[in-house]
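Scroll down for the structure; my scribbles are underneath it.
What follows draws every value from the coordinates through simple rules; no lab data is involved. All values reported here derive from a predicted model rather than from experimental measurement.
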Amino acid sequence: MTEPIVAVPSFICADAFNKFLPFCTGFAAGCMIWMVVAEVLPDGFKEASPSQVASAAIISVAFMEALSTTLQFFSHGYRERRITSTGQRDLDQVAGRIVVAP
């Protein structure tokens, strides 16, 4: 219930703290990693064998890396860049953008 209440002031303040956002997101990621190590993994070891927990962790990390790489690939097509090679021109055509060379 507190997240919707704090979402609007957080959005308003995001521009004011734009320089600190990378540090804050890094801190949040560290907190999530700590919660996994301190809470989730011990519960997993209680319910399953160590090899099953390790397999699940490896598959999860591999999936997140693949998802991150895929999202980065698609997000780079939306930035305005100069055409430096035919590869970039082809990527822009695949993304459906009309590009006028300078």
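Computed 3J(HN,Hα) for the range 15-29, one whole-Hz value per residue from the Karplus formula 6.51 cos²θ - 1.76 cosθ + 1.60 where θ = phi - 60°, is 5, 5, 10, 4, 5, 8, 4, x, 5, 5, 5, x, 5, 5, 5, glycine and proline marked x. Fully extending the segment from Ala57 to Cys24 would add 9.4 nm, taking 0.36 nm per residue of separation and subtracting the current Cα-Cα distance.
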